[in-house]
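Read through the structure below, which is laid out as structure tokens, and then see the notes.
The values are calculated or read from the model by the stated rules, or taken from the named source; none is laboratory data. Just so we're clear, the structure is a prediction, and the values are computed from it rather than from any experiment. Positions of Cβ are generated from backbone atoms using ideal geometry, with glycine treated the same way; all protein chains shown enter the neighbour counts. These area figures cover heavy atoms from the full protein model, side chains too; ligands, DNA and RNA do not enter into them. Shrake-Rupley method; radii C 1.70, N 1.55, O 1.52, S 1.80 Å.
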Amino acid sequence: MKKIWLLLAFIAIVSCKDDTEKAATVVSGKITNNRGSEITFKKPNNKEFKETLKVAKDGSFLDTLLIETGVYTFQYGRNRAEIYVTSGSDLAINFDANDFEKTLTFSGDDSEISTYLFEKQKTENKLIGEDNAIYKLDEAAYVSKLKEIKTTLEKLISSSKGISKDFEEKEKRNLTYAYIVRLNNYQIFHSHYANDPGFKTSDGFLKGLEEITYDNEEDFLYSADYKNLVTNYYRRQAADLARKDKIDNDIAFIKVVGALQKPIMKNELIYERVKYAFDNAEDLEGLYKQFMASSTNEAHKKEITESYNQFKTVVKGQPSPKFKDYENFAGGKTSLDDLKGNYVFIGVWATWSSPNPREMNAIKELESAYKGKNIKFVSISVDRAADHDKWKSVVDENKFAGIQLFADKDMESGFVKEYFIKTTPRYILIDPSGNIVDANAPRPSSSRLTRLFGELKI
């Protein structure tokens, strides 16, 4: 168990930096017929948040978490449930691992809400059915099913005991948001699951979107579906501004959201946008400056500044990080310095990320089109050592073009980490002197890439 006094000391530090309040919350419980060693807490729409609680052999667990009030996902093995945690409270969770659904119970502050959420989960799953069959329904049947789900869950929350009127009204708004999100998803999901690629919904199908306001901070903090709707709304606003003013989409997003008079919403939205945008930023410095001018959350600003200081080491004109003695599929070893004097177009990929045939074929076409020019096309696999033979087989079977290399330490290779590569594929262009032209170069199939080659007179 974590030391409560350390957590309380930490609270004093973070309370002046965060927009939302956090306090020490005690979570305990007992698992009958325990077969696991841990349970996890995650938060919807927050990929960063994860807390792990250790489970003793006898199935007991007890820990103290520094978390804010809200809905979390509680998971034990394949069993999961949404629960409501009140910051600074005590919550007890008990169940039999042999019959999770029938034995899961909650006690403690606001445990009635967790009980409702679990009943909601079971009811909703039963109404939706399995194997995404709901998305195969025709438009009228789909809308009818959504209305049935919404009405049934509204009755469930209204009949639940021990829940405040304020929470009931908030949850009913959440059910409306979920209904609208599912309406919004129908066209693309029906097109896929009904195998009807040209499908379009009828006029007025998304009625309800125009009735939503996009500045409700309480609902933003509570409802993952409302947060989804708000994020998409401001993305559309940003896209319009980007086209109108001919500016970067990420910068446009921060400008649009930065005008919000709701600090928690504003800070959260622009932080989540920027922390994943540096990887592909067209204007790194402009994006950073716009964020710093818009955010009022000091913890976010500190983190983004640290990230910016890392990413600016791989902007245009900086010396490229190097790789040395990577295994060459054609035989021998190859280093970046061996290619000096040429432009080098690098694609970082892996067999586990399903290499895109279109991009691989585009590399073949580029190599043919630029044969004899001062450019080399290099593909670096970041597969694990255990998949080395698979890499060789994939390259051989597909006759991949260019210089095919195998990184020395997969995603932990120095070259990969120095370019802050988190996902594949990633494309990089380096000039004949070994300096970066573009750390996030266009894909091989993009006309932007050939335009760039033209501008460089390759």
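Below is a table of values for the structure above.
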{"read-out": "Per residue accessible area of the chain, 1.4 Å probe, in Å²", "value": "52 Å²"}
{"read-out": "Dipole magnitude (debye, nearest 20) for the chain, charges at Cβ of Lys, Arg, Asp, Glu", "value": "940 debye"}
{"read-out": "Cβ-based charge dipole, the stretch 326-408, positive-most Cα from F400, N342, A385", "value": "N342"}
{"read-out": "Amide H partners (placed H, <5 Å) of S60, local residues excluded", "value": "I31"}
{"read-out": "With every protein chain in place, the stretch 145-230: carbon and sulfur % of accessible area (1.4 Å)", "value": "48 percent"}
{"read-out": "Virtual spin-label span in nm between R78 and A133, 7 Å along Cα→Cβ", "value": "1.9 nm"}
{"read-out": "For the chain, share of DSSP beta bridges that run antiparallel, in % to the nearest 5", "value": "70 percent"}
{"read-out": "Over the chain: helical MRE at 222 nm, DSSP H runs n ≥ 4 each giving -39500 (n - 2.57), nearest 500", "value": "-13500 deg cm²/dmol"}
{"read-out": "By average C-beta atoms within 10 angstrom, highest first, the peptides 169-182, 192-205, 133-146", "value": "169-182, 133-146, 192-205"}
{"read-out": "Two-site FRET efficiency, K200 against N249, from Cβ-Cβ distance with R₀ of 25 Å, rounded to 0.05", "value": "0.45"}
{"read-out": "Relative contact order (%) - criterion: Cα under 8 Å, at least six apart; region: the stretch 171-287", "value": "20 percent"}
{"read-out": "Pairs from K147/K200; K22/K150; K42/K102; K364/K392 whose Cα-Cα separation, in the structure shown, is over 25 Å", "value": "K22/K150"}
{"read-out": "Which label in (1) 33, 24, 24; (2) 45, 27, 25; (3) 78, 46, 16 gives the computed semi-axes √(5λ) of the Cα gyration tensor in Å", "value": "(2)"}
{"read-out": "P(r) histogram, all alpha-carbon pairs of the stretch 376-442 included - 5 Å bins from 0, percent", "value": "3, 15, 24, 26, 19, 10, 3"}
{"read-out": "A330-E418 FRET efficiency (beta carbon distance; Förster radius 22 Å; 0.05 resolution)", "value": "0.30"}
{"read-out": "Over 19 Å between alpha carbons, listed pairs K30/K54; K172/K266; K373/K399", "value": "K172/K266; K373/K399"}
{"read-out": "Two-site FRET efficiency, N125 against D337, from Cβ-Cβ distance with R₀ of 60 Å, rounded to 0.05", "value": "0.55"}
{"read-out": "Of all accessible heavy-atom area on the stretch 331-373, the percent that carbon and sulfur account for (1.4 Å)", "value": "45 percent"}
{"read-out": "Using distinct alpha-carbon pairs, which all enter the 1/r mean, Kirkwood radius of the stretch 269-340 in Å", "value": "14.5 Å"}
